[in-house]
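Here is the structure we will look at.
Taken together, the values in this text are just the output of simple stated rules run on the coordinates, not laboratory data. Not measured: the values here are computed from a predicted model. Positions of Cβ are backbone-derived with ideal geometry, glycine not excepted, and every protein chain shown enters the neighbour counts.
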Amino acid sequence: MKNFIASLQWRGMIHDMVPGTAEHLSSGMATGYVGFDPSAPSLHLGNLVTIMLLKYFQEAGHKPIALVGGATGMIGDPSGRSQERRFLTEEVLRYNEACIAKQLEKFLDFSTGPNKAVILNNLDWFKDVSFLGFLREVGKHISIGYMMAKDSVKQRIETGISYAEFAYQLLQGYDFYYLHLHKNVTLQMGGSDQWGNLTTGVELIRKKAQHQAFAITAPLLTRADGTKFGKTAAGRNIWLDPAQTSPYELYQFLLNSGDHEAEKLIKIFSCCTQEEVEALIAAHQAKPETRLLQQTLAKMVATMVHSETACRQAIVCSNILFGHTDSVDALYALSEADLLNVCATIPKVQITRTALSGVDSVVSLLSAATENQILSSKSEARRMIASAGIRINKLLITDPYQQPDFALLHNRYLLVQKGKKNYYLIVVQ
């Protein structure tokens, strides 16, 4: 059996841990769980950290449980939030739960064996719990002072917190207690903002069952500005569902990581051994200009989250904008959806089909016909072409007066490259 705690420590994946956890896990196969909030139909890149906790837990010989919070999702966890969550309908929650369960099946082994993974839904045991019964069963054992001391509560006292969210930690604590009694669960894991909820469960098990339970939290995955990845946080999220974040977007996001960030992320997301990861980091540090670490990270995660085929296509898409210039065939081979993904962040220039048919030269197309949005004048267009600074659909333009009779991508797009890094997508209406 692998040393799970030692693996997490070198990966930088331990933020807090109940004393005695390492000793407990070294005594044989344990059962542990992570809870997932069904407030959206997809998990995101921040959730992938806790998914990896379960994955490494299983690889170390332990039994993982993924708990989808069908009941707790009706209230919403206040941890890390500055305002009240919006309640979701039961129908929306059920849909989200099904989507999340399907995603989790890609990362864990649910097949056979004593430590095969299991997905559970806490609505199965909460649906028959009465309010009075819950107060007697749980509320009696956790004091108001204990609950008020939690960061998730203290941070909201000034701005306001409802009783529903205040009591959320009791619901999550009861999950741990229930799973301990019925599934022999002794460990709960989560992000560092969950520490208060996890330890409430540890305390409830100690008081009601007179047993010792354990908890581990991992550091949150944060953006460059320090805010955490969250399903409803401000800013564009990196979702695990390809319909919401394409494999290309995920690949490109990780490819653009800084050296320090890439080193941190590859330890978290790579299933390679410590020796293999450290050798990769050393190779990158010897030649950082090759961005070996970022390329390897992007490939590994895109393949794990989506598929090898999707990753290869993401690399093709990336190379069209940022790779070599011999990608004309690859550009024309892109589906319209992939083309729009590639061009999602570049400026769009609209032109009517009638206006395009009336243009007599590339110079006119790049200046007057596109209302000087790409080049400010015909003279600037001529200078850029003379200095080999213009490509259309990846083809180098050498004659400023040639007819703009390019084969439109999907019969309505032209991709213009100005210089090395500036791109525009002409959309023909």
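So between His211 and Ser111, what do we pick up on full extension, going 0.36 nm a residue minus the alpha carbon distance?
32.9 nm
Name the residue, out of Ile216, Ile346, Ile374, whose mean-square fluctuation peaks in a Gaussian network model built on the chain with Cα pairs under 10 Å.
So, out of Ile216, Ile346, Ile374, the one fluctuating most is Ile346.
Mind giving me the nanometre distance, one decimal, between the label points for Ser307 and Ala388, set 7 Å out from Cα along Cα→Cβ?
Computed distance between label sites Ser307 and Ala388 equals 4.0 nm.
Taking every DSSP beta bridge that has both residues in the chain, what percent is antiparallel when rounded to the nearest 5?
Of all bridge pairs located within the chain, approximately 40 percent are antiparallel.
Please work out how much length the chain gains when fully extended from Glu336 to Lys2, using 0.36 nm per residue of separation minus the C-alpha to C-alpha distance, in nm with one decimal.
115.6 nm
Rounded to the nearest 0.05, what FRET efficiency is calculated for Val427 and Lys183 with R0 set to 51 Å and r the Cβ-Cβ distance?
About 0.40, to the nearest 0.05.
Okay, helix-only estimate at 222 nm for the chain: each DSSP H run of n ≥ 4 adds -39500 (n - 2.57), divide by all residues, round to 500 deg cm²/dmol; what do you get?
Value at 222 nm, helices only: -13000 deg cm²/dmol.
Looking at the chain, identify the longest residue range that excludes and avoids all chymotrypsin sites (Phe, Trp or Tyr not before Pro) in DSSP loops having at most 15 other Cβ atoms within 10 Å.
111-400
Could you tell me the relative contact order of segment 156-292? Use alpha-carbon pairs under 8 Å, at least six residues apart, and round to a whole percent.
Across segment 156-292, relative contact order equals 14 percent.
Can you give the relative contact order of segment 247-323 as a percent, counting alpha carbon pairs under 8 Å and 6+ residues apart?
Over segment 247-323, the number comes to 46 percent.
Tell me the net charge near Ser364. Cut-off is 14 Å between Cβ atoms, Ser364 excluded, with +1 for each Lys or Arg and -1 for each Asp or Glu.
Here the charged neighbours net out to -3.
Below 8 Å between Cα atoms, with a sequence gap of 6+, how large is the relative contact order for the chain in percent?
The normalised contact order for the chain reaches 14 percent.
Can you work out the FRET efficiency for the pair Glu59 and Asp329, with r the C-beta to C-beta distance and R0 = 45 Å, to the nearest 0.05?
With a Förster radius of 45 Å, E is 0.65.
Efficiency by 1/(1 + (r/R0)^6): what FRET value for Ser162 and Glu91, r their Cβ-Cβ distance, R0 = 22 Å, to the nearest 0.05?
Computed FRET efficiency for Ser162 and Glu91: 0.45.
Using a Gaussian network model on the chain with a 10 Å cutoff between Cα atoms, which of Gln350, Gln103, Gln58 fluctuates the most?
Gln350
For volume of the Cα convex hull per residue in Å³, one of [x] 162; [y] 192; [z] 170 was computed from the structure I shared and the rest are decoys. Which label?
It is the value labelled [z].
Within a 10 angstrom radius of the beta carbon, how do Met13, Met189 rank from fewest other beta carbons to most?
Fewest-to-most Cβ neighbours within 10 Å comes out as Met13, Met189.
Expressed as a whole number of Å, what is the distance separating the alpha-carbon centroids of segment 282-323 and segment 103-159?
Answer, in whole Å: 38.
Mind checking which of Ser327, Ser318, Ser379 has the largest fluctuation in a GNM of the chain, springs on alpha carbons under 10 Å?
Taking springs between Cα atoms under 10 Å, the residue moving most is Ser379.
Evaluate the distance, in nm, between pseudo-label points positioned 7 Å from the Cα of His260 and of Arg136 along their respective Cα→Cβ axes.
Computed distance between label sites His260 and Arg136 equals 5.6 nm.
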